[in-house]
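This report concerns only the one structure given below.
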Amino acid sequence: MTGPTKTELRAEILLARRTLGPQLHDAEAHALCGHLPAFIGGGETVCAYVPIGSEPGSDQLIDSLLRRGVRVLLPVARDDGAGLPVPLQWGEYRPGGLVRRARFGLREPAEPWLPADTIAAATVVLVPALAVDRAGVRLGRGAGFYDRSLPLAAPTARLVAVVRDDELVDRLPAEPHDVRMTHALTPNGGLVALG
């Protein structure tokens with residue numbers, strides 16, 4: 001007997017996130033923020049993301065990194081001429097400098113943008129995820145941007161899937177192109193080593 005497919009898992013998790021009350025979401029976002037000083041220090045470069053909708057995290061998480069002297073890079077998602085996703089470009093985060101013009105309702109940093117291989121400068125990559133398993137397999141939304149970008153990260157970088165506590169699971173369906181996460185970050189568990 002096989003488990004649910006990636007499509008079924010995505011639908012289930014997105015439904016659960018949509019029913020999450022704003023107070024619980026904000027409390028979890030605050031808890032995530034509180035865990036950052038334990039593994040990210042001033043002077044580091046971190047690739048982060050701006051959460052949309054009910055994704056774990058908040059703008060305050062990104063701002064807190066900046067206040068601590070962290071260089072924060074945010075993703076810029078684009079397709080090639082054939083409509084296929086290409087590796088993410090990166091933009092320096094500046095408070096008040098996000099623009100809402102991207103696909104999927106994303107807010108992105110204003111130009112100039114840095115090339116895709118800029119991810120190699122990051123010591124930590126905070127990766128949006130719908131779920132992650134204890135072996136490091138990440139379930140994303142299926143667009144493929146991070147699948148194309150994460151292989152460019154430094155081999156020593158911590159790849160951290162940011163999820164709710166119940167989205168850290170025992171096992172997810174894996175594919176050969178999946179880049180394994182080294183850690184999960186959850187509101188109650190903090191930074192959890194995977195693999």
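Data for the structure
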| read-out | value |
| --- | --- |
| Filtered residue count, region 45-95, keeping only those that are under 17 Å from the mean Cα position of the chain (by Cα) and among the basic types (Lys, Arg) | 2 |
| Flag if Leu126 is in contact with a strand residue (DSSP E or B) (Cβ under 8 Å, 6 or more places away or on another chain) and not in a helix (DSSP H, G or I) | yes |
| Strands (runs of 3 or more DSSP E) contained entirely in region 1-98, each with at least 1 residues that are open to solvent by 30 Å² or more (accessible area, probe 1.4 Å), of a type outside the set (A, V, I, L, M) and touching a Ser or Thr at 6+ places or on another chain (Cβ under 6 Å) | 71-76 |
| Qualifying residue in region 46-57 (condition: polar (S, T, N, Q) and closer than 20 Å to Val99 by Cα) | yes |
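Conditions (1) open to solvent by 10 Å² or more (accessible area, probe 1.4 Å); (2) acidic (Asp, Glu); (3) under 23 Å from Asp59 (Cβ atoms), marked per residue:
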{"position": "Leu114", "(1), (2), (3)": "yes, no, yes"}
{"position": "Thr118", "(1), (2), (3)": "yes, no, yes"}
{"position": "Gly142", "(1), (2), (3)": "yes, no, no"}
{"position": "Ala153", "(1), (2), (3)": "yes, no, no"}
{"position": "Val169", "(1), (2), (3)": "yes, no, no"}
{"position": "Glu175", "(1), (2), (3)": "yes, yes, no"}
{"position": "Asp178", "(1), (2), (3)": "yes, yes, no"}
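The values are calculated or read from the model by the stated rules, or taken from the named source; none is laboratory data. Predicted, not measured: the structure shown is a model, and the values here were computed from it. Cβ coordinates were reconstructed from backbone atoms using ideal geometry, including for glycine residues, and neighbour counts include every protein chain displayed. The accessibility values were calculated without ligands, DNA or RNA, using every heavy atom of the protein model including side chains. Shrake-Rupley method; radii C 1.70, N 1.55, O 1.52, S 1.80 Å.
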